[in-house]
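> Provided herewith is a single structure, encoded as structure tokens, for subsequent inquiry.
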Amino acid sequence: MTSPRAIATLALGVLVALSGVSGAAQGGRFRYVTTARQLGPVAYRDPLGVPSPDGRWLATHVGLHLRVEPLAGGPFRELGEGRRRRLHLVWRPDSRTVVAREADRERTWFDWSEYDAVRGTRTLLWADRESLVPPDGNAAERGDLLELAFAADGRAAGLVVRDGGRQVWIFDAAGTVLETIGEPGRLSNIAWKPDGGVACVDAGGARPNLSLDCGRAPGRPDLGEVRGPIAFDADGGAFVGRPNDRGTLDLWRLDLDTGAAERISDFTRDTYAPMPSPTAASSSSCRSTP
């Protein structure tokens, strides 16, 4: 039996949380957390929701509004100005700083900002660096960085546009590029594993699959088709979104040791996008229409 955990997920524009041990099959239950309304019927308008690593806070982005509120309930605080689109959200391990990939309304520019959730201030991510320079000297702009995931020690794993694909780059907390991994590919949804490795979704095969060594090893078809963000628990499990025969997505837990799969959700709309925390695998995001 796995250790207790919670899963938050967004369905029909309502963020809820599942608490229990191993999902609905072992007595897990959902509770309401907050509402983040989708502003249209297509996936790129999905609201974003990311719990802080300490499990206390939830950062959401709907339309042009970035907000932070307590997961236990309470008033929210709006961060930044309402003229920026946030395309990716992630917390630093301090559970105070929200990092966002941003663009203007027309998506003519892209950059990264970080927001202090306590003071409400905004600064550029790694502002002292005009570009990101890997060991081979082939620099990239901050706007070429599509995704970030932070480890507990402050390092970050990112996906950077390179040669028509996406390559895994590892950064220290200050933005120095420590290494690049493998060749560019059709990679997305990067995440740290409990053992310190980096995983992602690899769409280089017939279907998107989970790669447990992103950039070095291809996706594993034996674990089934995977859609959207992924997360891991300390018990050898991965949380993923998988399609069902209704044409929507359900949240599943995959046992990476045995290959066994357990469905966590069975809603009429999409449920996917797990996000990690030290004591929980938390999830938020969905595609739905009113």
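Nothing in this text is a laboratory measurement; each read-out follows from the coordinates by a stated rule. It should be emphasised that the depicted structure is a prediction, and the values quoted were computed from it without experimental measurement. All Cβ positions, glycine included, derive from the backbone under ideal geometry; neighbour counts span all protein chains shown.
> Show the residues, 5+ positions off or on another chain, whose built amide H is closer than 5 Å to the amide H of His88.
Under 5 Å from the amide H of His88 lie the amide H atoms of Arg101, each far enough along the sequence or on another chain.
> In terms of modelled amide H atoms, which long-range or inter-chain residues lie less than 5 Å from the amide H of Cys214?
Correct list: Val198, Ala199, Cys200.
> Once fully extended, how much extra length lies between Thr121 and Asp94, figured as 0.36 nm per residue of separation less the alpha-carbon to alpha-carbon distance?
Working: separation 27, 0.36 × 27 = 9.72 nm, distance 1.55 nm.
Stretched out fully, the Thr121 to Asp94 stretch lengthens by 8.2 nm.
> Ala152 to Ala173: extension gain in nm, 0.36 nm per residue of separation minus the Cα-Cα distance? Show your work: numbers first, answer last.
Working: separation 21, 0.36 × 21 = 7.56 nm, distance 1.04 nm.
This chain segment gains 6.5 nm when fully extended.
> Just add up the charged neighbours of Gly154: K/R +1, D/E -1, any other residue whose Cβ is under 10 Å from the Cβ of Gly154. Before the final figure, lay out the partial values.
Working: positive: Arg92, Arg155; negative: Asp94, Asp153, Asp172.
Charge balance in the 10 Å sphere: -1.
> Fully extended, how many nm does the chain gain between Asp104 and Asn138 (0.36 nm per residue separation, minus their Cα-Cα distance)? Please list the in-between numbers first.
On the way: separation 34, 0.36 × 34 = 12.24 nm, distance 2.67 nm.
Value of the extension gain: 9.6 nm.
> Further question on the same structure: Under 20 Å from a label point 7 Å along Cα→Cβ of Asp54: give me every residue in the range 142-170 with its amide N that close.
Once the point is set 7 Å along Cα→Cβ of Asp54, 150-155 turn out to lie under 20 Å by backbone N, inside the range 142-170.
> Tell me the chymotrypsin sites (Phe, Trp or Tyr not before Pro) within the range 92-172 that lie in a loop according to DSSP and have at most 13 other beta-carbon atoms within 10 Å.
Trp109
> Mind giving me the FRET efficiency for Asp111 and Arg216? R0 is 25 Å, r the Cβ-Cβ distance, nearest 0.05 is fine. Display every interim value, and only then the final one.
On the way: r = 29 Å, r/R0 = 1.16.
About 0.30, to the nearest 0.05.
> Can you work out the Karplus-derived ³J(HN,Hα) for every residue in the range 110-120? Use 6.51 cos²θ - 1.76 cosθ + 1.60 with θ = phi - 60°, whole Hz, and x for glycine or proline.
The phi angles translate into 9, 7, 10, 10, 10, 10, 7, 5, 8, 7, x Hz.
> Report ³J(HN,Hα) in whole Hz for each residue of the range 169-185, in order, from the Karplus equation J = 6.51 cos²θ - 1.76 cosθ + 1.60 where θ = phi - 60°; Gly and Pro get x.
10, 10, 10, 7, 5, 8, x, 5, 7, 7, 6, 10, 10, x, 9, x, x
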